[in-house]
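Here is the structure we will look at, set down as structure tokens.
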Ligand code: LMR
């Protein structure tokens, strides 16, 4: 029976990361997976996370299952982190959440709850979007429609086209939005544009589903959530998938949350029960380690201050790198790369063809996705010259 199953192609992101790992060129440049790397090319553990982890090891008395909703401190912390300490719907008891295995688990649980409400609901996704959105949401039977978003010529958002397409979104439809630091293109909505999306959701009745995996790595923790919070202040309902992979560096611990903004407290409790039942049928209960650490970091004032300072440093480094990459690429080519500085977060499309991206890989050991998406945070003082030289050679043909 099982031998009928074919070998599947490698994942478009993780497969390239594996290819980069296997490349024995000592000067290879790996800009594939969205992982924050420091100047040494290492993915660091936050000091606050290390301290919280040591506390956990000292204090832990059991490995019994976690509650179905996950760690209580983590849920409180992530609700405030996403919606804001003084969020009116939070204070009104209109928000509930469930801890999930990473942002992917959060998306999947959100999708399960949507499918329970409207089986086969239509989800509007930006063109392009993170490729894993499709299998994560599609595996529960949700259907997809694209809305135009990124315009390669301007390297920005074609907001008029987005609005035109979303005019067709109706009550019972879901609109998937990237809360900040759009993956893969790095082009975000302005606050004014978020306001237009809020008007449309109010008038047309569609449900926003916000994937916020990079909060704190664009302009800062509050600024990155400003669009989401604007929607939350105006709309009766919304789902959010949050991740602690990037902003707390807990990638391998699989820590995230699905958050529900609801009409009232009763509905918030109902949605949490729906999410718990959905989780029970998919993976039963969430993993403990990362969420307990995140709960401590988010709610202990000293750990929190240390974490915020370190995160701010990462955010500033990414923005400084954006400027350096722009200037080095402009010097190596005759192209305008000014858009790299206008974008936010870890990603940018360099505007190269698939063939050029493959040539960079095969001839220069410079790894980016076929779409020419780079992980900006993978660039450092030691590899930036090699990146610019290789792109220069490939562009000049
Ligand atoms: C990425 O887009 O590189 C990250 O979100 C990691 C992943 O799981 O794809």
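The numbers here are math on the coordinates, done by the rules we state, and not lab data. Note that this is a predicted model, so its numbers are computed, not measured. Heads up, the Cβs are rebuilt from the backbone with ideal geometry, glycines too, and the neighbour counts pull from every protein chain shown.
Observations
- Rotationally averaged projected area of the stretch 65-299 (alpha carbon convex hull; nm²): 11.2
- Two-site FRET efficiency, residue 88 against residue 38, from Cβ-Cβ distance with R₀ of 35 Å, rounded to 0.05: 0.35
- Using a simple spin-label model with pseudo-atoms 7 Å out from Cα toward Cβ, residue 134 and residue 219 lie 3.2 nm apart.
- Structural size metrics of the stretch 142-248, computed from C-alpha coordinates, are Rg and Dmax of 13.3, 37 Å.
- Fewest-first ranking of 36, 283, 150, 214, using other Cβ atoms within 10 Å as the exposure measure: 283, 150, 36, 214
- Each peptide in 64-74, 175-185 was scored by the mean count of other Cβ atoms within 10 Å over its residues; highest first, the order is 175-185, 64-74.
- With neighbour counts taken as other beta-carbon atoms within 10 Å, the residues 78, 239 rank, fewest first, as 239, 78.
- In the stretch 65-299, Cα pairs under 8 Å separated by at least six residues give a relative contact order of 32 percent.
- Normalised radius of gyration (Cα atoms, divided by 2.2 N^0.38 Å) for the stretch 328-397: 1.00.
- Sorting 94, 229 by the number of Cβ atoms found within 10 Å of their own Cβ, with the fewest placed first, yields 229, 94.
- Length released on extending from residue 191 to residue 50, taking residue separation times 0.36 nm less the Cα-Cα span: 47.2 nm
- 222 nm mean residue ellipticity, helices alone, for the chain (DSSP H n ≥ 4; -39,500 (n - 2.57); rounded to 500): -14000 deg cm²/dmol
- Placing pseudo-labels 7 Å out from each Cα toward the beta carbon at residue 269 and residue 283 gives an inter-label distance of 2.8 nm.
- For the stretch 1-160, alpha-carbon Rg relative to the globular expectation (2.2 N^0.38 Å, N residues): 1.37
- Once the Cα atoms are used to define both axes, helix 191-204 deviates from the longest principal axis of the chain by about 50 degrees.
- Extending 7 Å from the Cα toward the beta-carbon at both residue 335 and residue 154 defines two label points whose distance is 2.0 nm.
- For the chain: relative contact order, % (alpha-carbon pairs under 8 angstrom, 6 or more apart): 26
- Estimated FRET transfer efficiency when R0 is 51 angstrom, pair residue 226-residue 8 (beta carbons, to 0.05): 0.80
- Against the chain, whose longest principal axis is taken from its Cα atoms, helix 301-332 shows a tilt of about 30°.
- Separation between Cα centres of the stretch 178-217 and the stretch 80-127, rounded to whole Å: 14
- 14 Å reach of a label modelled at residue 117, 7 Å along Cα-to-Cβ, counting backbone N of the stretch 268-285: 268-275
- Paramagnetic label reach from residue 234 (point 7 Å along Cα→Cβ; backbone nitrogen cut-off under 13 Å): within the stretch 183-217, residues 190-206, 208.
- Kirkwood hydrodynamic radius of the chain, Cα pairs, Å: 21.7
- Nearest-ten-degree value, helix 102-117 long axis tilted from longest Cα axis of the chain: 50
- For the stretch 95-160: span of alpha carbons on each principal axis (Å, largest first): 39, 24, 24
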